[in-house]
Amino acid sequence: MKLDRPIVILHLEDSPADSQLVQAMLKKAKVEFEYFFVDNEETYISYLDNQKIDIILSDYHLPDYNGTEALLYAKNKFPHIPFVFVSGTMGEDVAIESLLNGATDYVLKNRMERLGSAVLRAYNEAQAEKARMNAEKALLQSEENFKRSISESPLGIRIVSIDGHTIYVNKAFLDIYEFRSLAEFNNTPAKNRYTPECYIQHQERKAKRKNGQDVFEYELSIVRSNGDIRHVKVSRKEILWNRVKHFQVINMDITDQKKLTFDLIAAKERAEESDRLKSAFLANISHEIRTPMNGILGFAELLKENDLSSELQQEYIGIIETSGARLLNIINEIVDISKIESGQMKVSKSQTNVNEQIDYLFQFFKTEATERKLEISVKKSLPNKEAILLTDREKLLSILTNLVKNAIKYTDLGFIEFGYIPVQTLNEKSLQFFVKDTGIGIPAHRQEAIFERFIQADIVDKMARQGAGLGLAISKAYVEMLGGKIWVESKEGKGSTFYFTIPN
Ligand code: ADP
């Protein structure tokens, strides 16, 4: 047999002649070797400790040392080096005892022809054992590596038996749920681990699996013990665990990615919405400005005609005046809404006598209401001395003006009443203003939308009533700036009452 390198032999022997004989016999058996000859304990130990010895040959009887001690030393320190006795006399009992003590073999000096094969066999067996041990070590190491890569993986890993029992979870998995142990996980019913919707989906998946349709990719919304909800992406795969079919369930916490995606979608929608609103805003503005402008230019053109009666002249001038006023009103509203939206509208509070404001508005609108054959009245629930509010007087006046103007505009018959009553909630005193009319009313499904800019209720004769749909949006923004709320109660064909509160 061809070896990669010579076998390194340490021979413990007191007789140089026997040493010669051993070497000759090995050569004869075609064993390639390197040879160290020692005849006492000290050199024996020194060679063993300092050289890489492959095999020890030893006499049994030595003058100052003996084979048994040499064997014990070697087995103790270098258990993998084969030890073969080469001895002249060796009773069977001694031979057996030596083998029990760990000797690999023994060769009697009168049967030296066995030496070559004994040495080769001992050497090969030792090499095979070394290889086996190295393989075992490598296997243990790779097992350890794999175990680590699973237990320390940043992904949550769970091993589930075919009957649905969780037999292993790694640390990342416990961290996702904030559980301390596998037992705690197993003892927590699925109902408590998932959100109600997620629990229903869990039940559905279970039912599907029963019918042989497994689901391998899904998302979970789990509830931690402190109530936090986390979103988890799950992939399930069949594997062999201890050679038995199991499932490896990988869990990845995607809560942060989900939130990011959600925020991005919301931001995109907001941007699109704002873009859409901007276009609508511009379209509305140009329409609202062009309409009275056409009126002004058209009737100015008509006024140029020479044979116009003085009544017609007055009528056209009247139309031009109304259109001019309407144009100014629209421009004012556009300026206001732009200021509100760009955050430039400031609140400036001062002591305001509410009764005075109501009286002023009453005087202001009395003529217009009477002209339209509408009764108009006010309700002031506090005496003048007590009707004081710290608020932005201009904005309060503007809100009330808008609402009363609308009440007159959208009422053909009946009356308008406006005013306020003091109200008190648990932690706040405020004045609740109202503007009531017996007009056309607002369909229920439009009662919220009318507070948005450019939105008008579904009214039939839009042109006759004229308006840009900005008044209520401005009023709502003002009420909120002053810390109050605005709402409407209305019935189609019966009338509307607008309410708003201003904290005291
Ligand atoms: P507009 O300039 O169109 O009047 P507003 O923002 O003031 O704009 O009002 C929005 C819409 O709400 C109006 O177009 C109208 O359809 C409806 N509305 C407002 N006030 C009343 C009211 N008192 N009665 C009936 N409808 C009203």
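We did not get these values from a lab; they are worked out from the coordinates using the rules stated. Predicted model, so just to flag it, every value in this text is computed and none were measured. No Cβ is skipped: glycine too gets one built from the backbone with ideal geometry, and neighbour counts run over all protein chains shown.
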For this session: Measure off 7 Å from each Cα along the Cα-to-Cβ vector at Gln141 and Gln127, then give the distance between these two points in nanometres to one decimal.
Result: 2.2 nm
Exercise. How much of the calculated P(r) for segment 58-102 lies past 18 Å, in percent of all Cα pairs?
Worked result: 21 percent
Exercise. Using the per-residue mean of other Cβ atoms lying within 10 Å as a proxy for protection, in what order, highest first, do the peptides 402-410, 267-275 fall?
Worked result: 402-410, 267-275
Problem set entry | Overall form of segment 1-81 per C-alpha gyration tensor (a/c, 1.5; a/b vs b/c) | oblate
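Could you tell me the convex hull volume per residue, in Å³, taken over the Cα atoms of segment 67-127?
Numbers: hull volume 4.1 nm³, N = 61.
Here the figure is 68 Å³ per residue.
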Problem set entry | Cα centroid separation - segment 1-70 against segment 358-400, whole Å | 124 Å
Problem set entry | Mean separation of Cα contacts under 8 Å, 6 or more apart, over the residue count of segment 214-284: relative contact order % | 21 percent
Problem set entry | Nearest-20 debye value, the chain charge dipole, Cβ charges on Lys, Arg, Asp, Glu | 1560 debye
Seminar exercise, completed: Checked against a 24 Å limit on the C-alpha separation, the offending pairs among Lys258/Lys485; Lys366/Lys494; Lys75/Lys137; Lys208/Lys237; Lys366/Lys409 are Lys258/Lys485
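First measure r as the distance between the Cβ atoms of Asn101 and Phe262, then evaluate 1/(1 + (r/R0)^6) with R0 = 60 Å and state the FRET efficiency to the nearest 0.05. Numbers along the way, then the final one.
Values: r = 76 Å, r/R0 = 1.26.
Calculated transfer efficiency: 0.20.
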For this session: Please give the calculated 222 nm ellipticity per residue for the chain, where each DSSP H segment of at least 4 residues contributes -39500 (n - 2.57) and the sum is spread over every residue; nearest 500 deg cm²/dmol?
Result: -16000 deg cm²/dmol
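For the chain, give me the percentage of DSSP beta bridges that are antiparallel, rounded to the nearest 5 percent. The partial results should precede the final answer.
Working: 55 of 78 bridges.
So the antiparallel bridges in the chain amount to around 70 percent.
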Exercise. Plugging the Kirkwood radius over Cα pairs into Stokes-Einstein for segment 135-278, at a temperature of 25 °C and a viscosity of 0.890 mPa s, what D comes out in µm²/s?
Worked result: 141 µm²/s
Exercise. Cα gyration tensor of segment 65-166, axes a ≥ b ≥ c as square roots of the eigenvalues: rounded (a/c below 1.5), prolate (a/b > b/c) or oblate?
Worked result: prolate
Problem set entry | For the chain, with +1 on Lys and Arg beta carbons and -1 on Asp and Glu, the positive-most of Ile289, Gln203, Thr411 along the dipole | Thr411
Exercise. Using the alpha-carbon centroid of each, what span in Å lies between segment 88-108 and segment 214-245?
Worked result: 63 Å
Exercise. Straight-line reach from Lys30: which aspartates and glutamates have Cα under 13 Å away, leaving out those fewer than 8 places along the same chain?
Worked result: Glu113
For this session: List the extent of the Cα atoms of the chain along each of their three principal axes, largest first, rounded to whole Å.
Result: 157, 57, 54
Seminar exercise, completed: Exposure-ranked with fewest Cβ neighbours within 10 Å first, Met293, Met133 stand as Met133, Met293
